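Report on the structure given below.
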Amino acid sequence: MELTTQVILAALLSGAIVGIFLGTFGGGGSVLAAPLLIYAVGVKDPHVALGTSAAAVAAIALVSLAGHWRAGRVKWPCASMFALAGILGSIAGSQVALRVDGTWLLLAFAFAMAAIGLSMFRKPKAEGDPDVHITPAIMARIVPLGLVTGMAAGFFGIGGGFLIVPGLMMATGMTLSNAMASSLVSVALFGATTSANYALAGHVDLPLVGLVLIGGAAGGLAGVQIARLLAGRVGLARKGFAAMIVAVAVYVGWNALHAIAATP
């Protein structure tokens, strides 16, 4: 699409918003990327929005991951195993999504957004083992969870952090802080795999990816700092963020239903 001043500013701001939430919560922020590209930036094709957002989210997650890595919160063996299992799922999920009509895909995306938002109202367990190490038993739990999460991430063009965080905690027993940081490994790899599939089909706008990435890099760094500041109030912040996701889901779903109803 044409890079007007308005489009450039909207893309930069959209990236910053996604980056802030990814850096702060380790998940959930990526689900806003496609709606922002469609309704704020003006991308017309839902497939292009999903493919472009997946590429941008992958890059933004890497920026946020670097900050958490330096802080020593990433559990690399567990995070890597989860991500590798999920890559296969994300390939399958994105291939299916490319064959679904864009309007119906948006409607399904709206339901996924609502589920994500509602799931974030649950208070996650902060307890866990900060010194967790991977074992055969943990691997047996991580692989299937990673595969299923990757499929969801690939189909909806999202990072999947909202599933990865509880999945890592369930499979390994690690703390919430470690899971939020470690989830970014999978968010980055799932997004990269999904966007590669969309790119092969011609559904990735590279200039927009660059703009969203620039905004997201700044937002991701800010999010890491916000996560530190909100250490004692992260629950309240998550609920406010969850309410916003549900509201956006209603808006996206309403527009998708109108478009489906108007189709002859």
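The values are calculated or read from the model by the stated rules, or taken from the named source; none is laboratory data. Computed from a predicted structure; not experimentally measured. With ideal geometry, Cβ positions are generated from the backbone for all residues, glycine too; neighbour counts draw on all protein chains shown.
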Name the one entry in GLY19, GLY67, GLY29, GLY23 that is on the phi < 0 side of the Ramachandran plot, modelled with pLDDT under 85 and surrounded by fewer than 22 Cβ atoms within 10 Å (Cβ to Cβ). GLY67
Any idea which of (1) crowded, with 23+ Cβ neighbours inside 10 Å; (2) at pLDDT 80 or above is the one PHE156 doesn't satisfy? (2)
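Can you tell me which residue is surrounded by the most Cβ atoms within 10 Å (Cβ to Cβ) among those in region 186-202 that are aliphatic (A, V, I, L, M) and within 17 Å of VAL148 (Cβ to Cβ)? It would help to see each step written out before you state the result.
Within region 186-202, the first condition is being aliphatic (A, V, I, L, M), and the residues that meet it are 187-189, 192, 196, 199-201.
So of that shortlist, the ones also within 17 Å of VAL148 (Cβ to Cβ) come out as 187, 189.
On the way: VAL187: 30, LEU189: 24.
Among them, the one singled out is VAL187.
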Across region 115-148, what is the total count of residues that are at pLDDT 80 or above, of a type in the set (Gly, Ala, Ser) and surrounded by fewer than 19 Cβ atoms within 10 Å (Cβ to Cβ)? 2
